[in-house]
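To start, the structure under review is shown below, and the notes come after it.
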Amino acid sequence: MTKAILLSPIGPILLDGDARRLDSVTILPGEAPDGIGTPMAGSLLEEAGFQLTAYFAGRLDDFDLPLAPPPRRAGRHCARRSSRSRSARH
């Protein structure tokens, strides 16, 4: 996983992903955190930064980025049920 910061008109945006997909885009309150740099040249996060910058400039309405699939609700529900049933046996 790679993280990068994009400075935008609405504040710092944290981009999180890898070479294959964008996992999250988070608008951060306040200042950009120390220790996280700008996207690496040629990376997917750099492309996300380009597209977000174009969006804020009014030049882009549709994004073309590979996104991580959303978490599956069924998987989370089953994991909770499983952990509850294990703790009930002890």
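We did not get these values from a lab; they are worked out from the coordinates using the rules stated. Since this is a predicted model, take the numbers as computed values, not measurements. As a convention, Cβ positions derive from the backbone with ideal geometry for all residues, glycine included, and neighbour counts pool all protein chains shown.
Here is how the numbers come out for the structure above:
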item	result
Charge sum, other residues only, whose C-beta stays under 15 Å from T2's C-beta, Lys/Arg counted +1 and Asp/Glu -1	-2
Surrounding net charge for Y55, when Lys and Arg each add one and Asp and Glu each subtract one, Cβ distance under 12 Å	-2
Computed label-point distance, nm, for sites D62 and S43 using a 7 Å Cα→Cβ extension	2.8
Cut-off 20 Å (backbone N to label point 7 Å along Cα→Cβ of L14), residues of segment 39-69	39-40, 44-50, 52-53, 67-69
Whole-Hz couplings from phi, Karplus 6.51/-1.76/1.60, listed for segment 15-26; x for Gly and Pro	9, 9, x, 9, 5, 9, 7, 8, 8, 7, 10, 10
Using alpha carbons only: equivalent-ellipsoid semi-axes of segment 21-62, gyration tensor based, whole Å	19, 15, 10
Charge tally in the Cβ shell below 12 Å around G37, where Lys, Arg are +1 and Asp, Glu are -1, G37 excluded	-1
